[in-house]
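J.: Below: one structure in structure tokens.
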Amino acid sequence: MPTPVSTVSAREAYQVLKDLALGTRAVQRLTPAVNSEGTLLGVDGWQITLMTHQGAVKGCLCCESPDGRTGSYDTWQRFGTDPVSLLSAWEQTQIEALL
């Protein structure tokens, strides 16, 4: 029987974003929008794709941890929580300034 793959929780992805906003983690890679809605961030081995619109962060599309676990908008929405919705207004503003 295959071992179930654990996923990145919304809370875990939020903590990476919060640390980024607080300046305790550095953006290692900041690419242009991957499409019209998403911006890919590399943060200490994490890959996070944020949903953006006109410079504002609207949500987190997906996240991959350094150990290969993933989380996505679809997974988090089942539980009604997106990592970006857990950010304070100040934290979200700090991340938007990085974009």
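No lab work stands behind these numbers, since they all come straight from the coordinates. What you are looking at is a predicted structure, and each value in this text was computed from that prediction instead of being measured. Quick reminder, even Gly has a Cβ in these numbers, built from the backbone with ideal geometry, and neighbours come from all protein chains shown.
J.: Which distance in nm do the two modelled labels at D19 and A56 give, with both placed 7 Å along the Cα-to-Cβ direction?
T.: 2.9 nm
J.: Continuing with the same structure: I need the phi-derived Karplus couplings for the stretch 44-59: 6.51 cos²θ - 1.76 cosθ + 1.60, θ = phi - 60°, integer Hz, Gly and Pro marked x.
T.: For the stretch 44-59, the Karplus-derived couplings read 6, x, 7, 10, 10, 9, 9, 7, 10, 8, 6, x, 9, 7, 9, x Hz, x marking Gly and Pro.
J.: Right, another one. Just to be sure I understand the model, the point goes 7 Å from the Cα along the line to the Cβ. What's the resulting L99 to R11 distance in nm?
T.: Between L99 and R11, the simple spin-label model gives 2.6 nm.
J.: Give me, ordered by chain and number, the residues 5 or more places off L61 or on other chains with an amide H under 5 Å from its own placed amide H.
T.: T49, L50, M51
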